[in-house]
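For reference, the structure discussed in these notes is given below.
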Amino acid sequence: MEVNSFVLGEFETNCYVVRKTPASPMASRGGRAGGECLVIDAGLAAGELIDFLKAGKLAPSAVVLTHGHVDHIGGLELVRRQWPDVKVFIHSLDAQMIGRADINLSFLTGNKTEAGPADVLLADGQLVEQAGVRLKVIHTPGHTPGGICLYSEEDGILFSGDTLFADSVGRTDFPGGSMSELIKSIKEKIIILPDETKVYPGHGPTTTIGKERMANPYL
């Protein structure tokens, strides 16, 4: 799996462009151009993401949202305007958030942010298969009711959204949040993954499951 990451907007939200690793080693040298990709979260200011996709002649087949807060969905409509056929995925319990400024924390930005409905509503254990990438949905409520992580067992990669960070966990003081539920989600579904699993979080640097199991003060 090939992963490109971007830090977008005033809340420094991590956005990821994911695609299948090229079969030929030569294709990975110097920056591979063209083809389909999968976007994980869309940040607030998605201009850098759009520029990267256009420069690389990449077409996102899907945007998967790890949850419905504004700093993860803010750039969604910009992506949709550029690629009208893109499909939007979100867990069913967070689906209404993307279309309602009163519950997606838009007040934190001073602007009303609302997007059209998602195309696919996800559930725990479901597989997302787009652009040659296969990711398992792990429902991890606590930060939001419909928060999810996305796991590739084949590549040993977890996209953890705002569930798990390096040396920290997601906030739970917003509506729908629960620290006890979040910690339960992490301990029962995330920390059980192999130590070497690389974690790409919604904010901050990458980490590994092994490191968080040993040193995360919340766990």
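Read the figures in this text as sums done on the coordinates, not as results from a lab. Bear in mind the structure is a predicted one, so any value in this text is a computation, not a measurement. Cβ coordinates were reconstructed from backbone atoms using ideal geometry, including for glycine residues, and neighbour counts include every protein chain displayed.
The spacing between region 131-193 and region 87-104, judged by their C-alpha centroids, is 17 Å.
In the structure shown, the pairs Lys20/Lys187; Lys57/Lys112; Lys187/Lys211; Lys136/Lys189 are assessed against 20 Å; a Cα-Cα span above that value is assigned to Lys20/Lys187; Lys57/Lys112. Under the convention that each Lys and Arg Cβ holds +1 and each Asp and Glu Cβ holds -1, the size of the dipole of region 2-215 around its Cα centre is about 420 debye. With the cut-off at 1.5 for a/c, could you classify the chain from its C-alpha gyration tensor as rounded, prolate or oblate? Since a/c reaches 1.5 but b/c is at least a/b, the shape of the chain is classed as oblate.
Here's the picture: a label point sits 7 Å out from the Cα of Glu114 along the beta-carbon direction, and within region 88-106 the residues with their amide nitrogen under 15 Å of it are 96-106. Between Asp173, Asp94, Asp162, the Gaussian network model of the chain with springs among Cα atoms under 10 angstrom shows the greatest mean-square fluctuation at Asp173. Backbone phi angles across region 67-75, fed through the Karplus curve with coefficients 6.51, -1.76 and 1.60 (θ = phi - 60°), yield HN-Hα couplings of 5, x, 6, 4, 6, 10, 10, x, x Hz in residue order; Gly and Pro are listed as x. Grab the other residues whose beta carbon is less than 9 angstrom from that of Gly210, score K and R as +1, D and E as -1, and report the net. Its environment carries a net charge of -1. Using the average count of surrounding beta-carbon atoms within 10 Å as a protection proxy, the listed peptides 115-124, 201-210, 137-146 rank, highest first, as 137-146, 201-210, 115-124. Dipole of the chain computed with +1 at Lys/Arg Cβ and -1 at Asp/Glu Cβ about the Cα centre; of Val133, Asn104, Thr144, farthest Cα towards the positive end is Val133.
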